[in-house]
1. How far is it, in nm, from the label point at A:Arg6 to the one at A:Asn284 when both lie 7 Å from their Cα along the line to the Cβ?
2. Let's see if you can work this out: charge +1 on each Lys and Arg Cβ, -1 on each Asp and Glu Cβ, no other charges. What is the dipole magnitude of region B:144-262 about its Cα centre, in debye to the nearest 20?
3. Probe of 1.4 angstrom, ligands and nucleic acids ignored: what's the accessible area per residue over chain A, in square angstrom?
4. Of A:Val101, A:Leu302, A:Val144, which is farthest on the positive side of the dipole of chain A, counting Cα position, with +1 on Lys and Arg Cβ, -1 on Asp and Glu Cβ, and the Cα centre as origin?
5. Return the long-range amide H neighbours of B:Asn297 (sequence gap of 5 or more, or a different chain), with a cut-off of under 5 Å between placed amide H atoms.
6. With θ set to phi - 60° and the Karplus curve 6.51 cos²θ - 1.76 cosθ + 1.60, what are the ³J(HN,Hα) couplings of region B:68-79 in order, to the nearest whole Hz, using x for Gly and Pro?
7. So who's got an amide H within less than 5 Å of the one on B:Ala312, skipping anything under 5 residues away but keeping other chains? H placed 1.01 Å off N, in plane.
8. If the viscosity is 1.002 mPa s and the temperature 20 °C, what translational diffusion coefficient in µm²/s does Stokes-Einstein give for region B:198-262 when Rh comes from Kirkwood over Cα pairs?
Amino acid sequence: MVYGIRSFIRANMGILAGLLVLCVIIAVLNPNFLTTNNLLNVLRQTSTNLYLALAMTMVIILGGIDLSVGSVMAVSGVVTAMLVALFDVPLFIAVAAGLLVGILFGALNGYVAATTVIPPFIITLATMNIGRGAAYVLTDGQPVRVMSDAFNFIGSGYIGGILPTPVLYSIIFVILCYLIMNKTKTGRYIYAVGGNPEAARFSGINIKRVKFFAYTFSGFMAGFAGIVLASRMFSGQPTAGVAAELDAIAAVVLGGTSMTGGYGRIGGTVIGALIIGVLSNGLNLIGVSSFWQYIVKGIVILIAVYADVIKRKTA
Amino acid sequence: MDGNDETTGRVTPITLPSFIEVERMSQKLLRMSGIEKRFAGVHALKGVDFELESGEVHALLGENGAGKSTLMKILAGIYPVDEGEIFIEGNKVSINSVKDAQALGISIIHQEISLVPHLSVAENIFLGKEPVTKTGWIDWKKMIEETRKTLQQFGLELSPEVPVKKLTVAQQQMIEIIKAVSFRAKMIVMDEPTSSLTEKEVEFLFRTIGHLKEQGVGIVYISHRMNELFAITDRITVLRDGALIGTVRTKDTTADQLISMMVGRELTQYYIKDTAPENGGEIVLSVHNLSKKGVLNDASFELKKGEILGFAGLVGAGRSELMKCIFGLDAFDEGEIRIDGKPLIIRNPNDAIKHGIAYVTENRKEEGLFLIRSVQYNITIKVLDKFIKWLRVNARYEDQKTRQFINELSIKTPNPDQEVRNLSGGNQQKVLISRWLATNPRILILDEPTRGVDVGAKAEIYAIMNRLVKEGVSIIMISSELPEVINMSDRIAVMYKGGIRTILNRDEFSQETIMHYATGG
């Protein structure tokens, strides 16, 4: 285990240092940053992006991309919210239905990606539009308010009065994804297919099944993120998760995963998502306007990825 | 090959008297002297001298890792030199970039073809130096006209406008050479140019080389194929472990001498085929009338237990295609495959693997290895079932399996976690073979098993094959190197245009017979 932590630090040295420097700068400019409350806040704000980014890591290592996750978040959130608020369906079933919607979208992406030669960028661009449209059609473009304490607990509750529920999910999903990528056959096959699809085929690896799994998992995670987000906003919003896929991709790339597939780490993505989370939280604390935040975020991504490329070249 | 290489290097003083004569000759096209290069602790080149006359074909020989590529990459401006001097036509030069090298008339043709597949022949040849009209637009007319002329000069019947991806590998290689020449190259480095060519195409390449010699171009020729070296080179320089072992005139040397210079020990028995299957051995695999439109034509053969069945034929004769059908990578239209006499349906590689078939592809980088992953990952990827159960990984079993193969096949790697791309060609090939041996195959299909592999590793691969057949494994070996097929096979199937033209027994083997059938006779 000690070895695991050490190798984690060594593999992610660059961005870990970046994250620390970022934290120090923000803490100096506003000491409130380092309070327990705020740090938990950062983790909570990071969580939905982290769910998406974890699954996105798998899809990108596989050599694909999933642009539909932001829209799937909206549909899943809307479906669950509507079932709870308008149809009085038991919460458990409503959540299951929301997740199912996510899984179906993911399965559709996976099926088309596995069985056709359409590039995944195009496939998920299409389902991104379909998903967003579906969310608008279902709600007629209006938010669906939910007045259920149980529903609200999903995304806004605390465990033991301190640990926000979304952070708990984050911990569970990070462990789950780490295990999938490092301890299962599927994980190794994902690296194989992304690293050299021809070699995977010649080795008798079932490429279709691997692709189908990764996209379906991504759909599931997007559905889950959508439900958590809806719960935090006390409503299903058809505009939820706009451009969320881009933050997820940014986290993955910051984490050192190769956009051409075959290489990447779950641990890196966690740090990548934290950098994005710390950045927006910190900029808010310092009082930088949200318009400027976009610009800062863009510059940070460029610098971080460039530094990573340089590091890798000289290593 | 451990022990003190420096001493063995000194024991083999092959600098012949004739070498001194050459030294006296007028101006050298290229002289590299005392070249030193270190990479993070590795002493890659230890004071190497190398020279090239104009109109000379000078071979650079050595096992993989001997320093040939490093030396040539320094010449090409890819690596900076640590110490030593480079003279071109008597003038001291410093080569700091690929551009510098090109400007000095140095051109390198890599093993991997570096053409742009979607662009036409003309566009590829003129890439980066397109002729322009007065108004600044690309002068297509001139480009196509000049390309047409050059193609004719080299005896290639090709349209300048055809996309390069539609050409055969051999044709693409010729385009590379033309491209090099059109840079007004004074010297061309050819790195294993024949590794994917058929005999006929090789002949054609040799004619081209003759043509270049006449024009005074100097050629550095890197190859492991002895017969080629003796066919076209004037001198041969041997490197071992980064040190210069010697430069000899080709006409004054022998293959045995070269090999012992290369490996630092006598390799008297290069091909070691010391087994023969029992007569009337049982038939493990039989293929009946396999056909696939435009590719395979009524191919039938039988494979006996413990034999090596060689497959000879020209490139495009359908040898790999036939094996891909047997292995379930490609579908076929008609025919039947039987194992132990039982007909079976193979829909995908996993079906074939279940029946004990393994296929080691000819393109280890493209279709075989996961280059950015570890030796261990590559060896175990097909047998994960044996040590991964859900989330439980039996790491000890995995380590043990990996080490077993690293030892048995003497794979030279610092550790099992080394990325495969950092290994030499021969060791990469052994990793790929290990992956398939891990599945305990009864039938092992080896497609060009020694392509791009140095002599030492070649001999080791032959030894592995011998060991396997002794253990009762049956081997199908596709090879375009005739000496290899002839020396290693028990029988040879010769393919021609998708069909099996004949199957020869050992007493009928000869290069002439095989070529006769391979060309449709």
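1. Label at A:Arg6, label at A:Asn284, 3.9 nm between them.
2. The calculated dipole for region B:144-262 is roughly 240 debye.
3. Accessible surface, normalised per residue, equals 45 Å².
4. The residue sitting most towards the positive pole is A:Leu302.
5. Under 5 Å from the amide H of B:Asn297: B:Lys292, B:Gly499.
6. 4, 5, 4, 4, 6, 5, 5, 4, 7, x, 7, 10
7. B:Ala493, B:Val494, B:Met495
8. 166
The values are calculated or read from the model by the stated rules, or taken from the named source; none is laboratory data. Here the structure is a predicted model, which is why all the values come from computation and not from measurement. Here Cβ is always computed from backbone atoms with ideal geometry, including for glycine, and neighbour counts include all displayed protein chains. Just the protein is used for accessible areas: all its heavy atoms, side chains included, with ligands, DNA and RNA removed. Shrake-Rupley method; radii C 1.70, N 1.55, O 1.52, S 1.80 Å.
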